[in-house]
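Worksheet for the structure shown next.
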Amino acid sequence: MAAALASSPLVHLTASRPRLPSPRASVASSAPGCSRGVCLGWRLAAGWRAGRRCERLRCYSSDGGGGEEGEKRGEEEASAATPGVSSEPSLLSFSVDNIDTVKLLELLGPEKVDPADVKAIKENLFGYTTFWLTKEEPFGDLGEGVLFIGNLRGKREEIFAKLQRQLRELTGDKYNLFMVEEPNSEGDDPRGGPRVSFGLLRKEVSEPGPTTLWQYVISLLLFLLTMFSCVELGIASKISSLPPEIVSYFTDPNATGPPPDMQLLLPFVESALPVAYGVLAIQIFHEIGHFLAAFPKNVKLSIPFFIPNFTLGTFGAITQFKSILPDKKTMFDISMAGPVAGAALSFSMFFVGLLLSSNPVGANDLVEVPSQLFQGSLLLGLISRATLGYRAMHAATVSIHPLVIAGWCGLTTTAFNMLPVGCLDGGRALQGAFGKEALFGFGLTTYSLLGLGVLGGPLSLTWGLYVLICQRTPEKPCLNDVSDVGTWRRAALIASVFLVVLTLIPLWDELAEELGVGLVTSF
């Protein structure tokens, strides 16, 4: 550990104090900032990774005596300045106790706001007509910014726009100004709504970084894996139509001789592709919805990272915001655009597939699936029962069109992504509509329902682990993190969550038996 720290390119510490000859002492004493005696302290220098490097600066001066006398005095002062460090010549050594951890974190942490800029902002931006400043507090994840607390002197949107314009004129593109709810506020603003404060952060600290090369590579690999999982889903749905020669050869332990012609598999694989194409098209349409909503608002999005899944074809995609969102309405609209687009295409495929399933003309294109699969969703099971009828659903297997499978998988994936937790689409929409505190409460409830298997059936545990690992963190605040999104957006979100719950709750045995959805087997 000590050897690794001693060789670190960021921190160079010399814990030992070798005996220096007089010429080196005189040279050290001429270093900038050293006037007399011994200079022990930290010096900042250019660093290759963190942007800064911390060095221990030690100078010996011959003031007060030349030659050996001055050198001896310098060593005595050095020993007094750093007790416990031997002045005898020794090899390079290192002690973790010599590190000021707090100071080191400050040096290597994110860039803080310049105090001179803070002073200029207080003098030029705040006042009687805008925002009467009363105190300041740290702002940001590591306290790298400044939070200005005070009293608003007008309409919050107008004041915020004015302060942003004045900040750009004063400091250029150096900082981002956030309007947030005042922490630990005892009441609302007299003009209505919550009391607000203004947070100041450097642009390089508050804005997301660009997409890197390795992220493009990972995105491509995940997309290829998702294509494979979608094809696997299509093959699994058509397994009943596998050529009998191949089935008998691979299932008979006494089979001898060469395997049957693999050319027989080509028609089988081709018949499985429509399901794969449908599932993949739904997810691509979902991502297009996000990008179409983000483009007019000048919000940049990352490339999508598709998540393969062999049960549904895909679990959706992770798409990050690469710009600071201007307000909560933008967060809500972009977050909801993807699920709305994906759900619209999924339901269209699902319903058209049900209509084709009840048409005897296209019977050759139908796929036989176990009827108990329709018990996996309360909403979709009831729609299927109403469309196909009691006789078709109350059987061991049901013949359906491949579009039904693609639409079912697309609706289930969309419902999972609309759960109000973390930075899923549903979590972002809930954060924009009701705030982070509501997201925390709904997220805890969602995790509990997933853990108990109430939502999602057999996929609940897999989805819950995926969210915990990849999507549990809420989104960062918007520039205007106070303004309301409006009543109709909240109503739309509530209705969406209600449909999500109906989609992910399985049909219980008693209701399935009464409605004739599948054959309920009792043991």
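The values are calculated or read from the model by the stated rules, or taken from the named source; none is laboratory data. Bear in mind that the values here come from a model prediction, so they are computed numbers and not experimental data. Using ideal geometry, Cβ is built from the backbone for each residue, glycine included, and neighbour counts are taken over all protein chains shown.
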Selected residue (only one of Gly410, Gly432, Gly427 is under 19 Å from Ile235 (Cα atoms), crowded, with 23+ Cβ neighbours inside 10 Å and assigned by TED's automatic domain parsing to the domain that holds Pro308) | Gly410
Name the residues in segment 205-235 that are surrounded by fewer than 14 Cβ atoms within 10 Å (Cβ to Cβ), in a helix (DSSP H, G or I) and either aliphatic (A, V, I, L, M) or at pLDDT below 85 (or both), would you?
-> Leu213, Val217, Ile218, Leu220, Leu221, Leu224
Do the conditions hold for Ile307, that is, is it touching a strand residue (DSSP E or B) at 6+ places or on another chain (Cβ under 6 Å) and within 25 Å of Thr503 (Cα to Cα)?
-> yes
For segment 383-392, indicate whether the set of residues that are under 21 Å from Gly342 (Cβ atoms) and surrounded by fewer than 24 Cβ atoms within 10 Å (Cβ to Cβ) is non-empty.
-> yes
Considering only helices (runs of 4 or more DSSP H) fully contained in segment 437-515, which possess at least 1 residues that are touching a residue at least 12 places away in the same chain (Cβ under 8 Å) and closer than 28 Å to Pro304 by Cα?
-> 460-470, 487-504
Any idea which of Val482, Val500, Val467 is at pLDDT 90 or above, crowded, with 21+ Cβ neighbours inside 10 Å and either within 15 Å of the chain's Cα centre (by Cα) or outside the structural domain of Gly381 (by TED's automatic domain parsing) (or both)?
-> Val467
Flag for Lys328 being under 22 Å from Arg472 (Cβ atoms) and touching a residue at least 12 places away in the same chain (Cβ under 8 Å) = yes
Is there a residue being free of Cβ contacts under 8 Å to residues at least 12 places away in the same chain, surrounded by fewer than 20 Cβ atoms within 10 Å (Cβ to Cβ) and of a type in the set (Val, Ile, Thr) anywhere in segment 277-286?
-> yes
The correct count of residues that are assigned to a loop (DSSP other than H, G, I, E, B) and over 19 Å from Cys409 (Cβ atoms) in segment 295-309 is 5
Give the residues of segment 188-199 that are within 14 Å of Gly150 (Cα to Cα) and either at pLDDT 90 or above or in contact with a Leu (Cβ under 8 Å, 6 or more places away or on another chain) (or both), sorted by residue number.
-> Asp189, Arg195, Val196, Ser197, Phe198, Gly199
Okay, helices (runs of 4 or more DSSP H) sitting entirely in segment 357-420 with 2 or more residues that are within 32 Å of the chain's Cα centre (by Cα), I get 378-388, 402-417
Taking the residues in segment 248-298 that are β-branched (Val, Ile, Thr), farther than 16 Å from Ala344 by Cα and within 44 Å of the chain's Cα centre (by Cα) as candidates, determine which candidate is modelled with the lowest pLDDT.
-> Val269
Failed condition for Phe416, given (1) at pLDDT 95 or above; (2) over 21 Å from Leu312 (Cβ atoms) = (2)
Search segment 418-434 for residues that are basic (Lys, Arg) and pair each with any residue that is surrounded by fewer than 24 Cβ atoms within 10 Å (Cβ to Cβ) and in a loop (DSSP other than H, G, I, E, B) when their beta-carbon atoms are under 7 Å apart and the residues are at least 6 apart or on different chains.
-> Arg428/Glu475
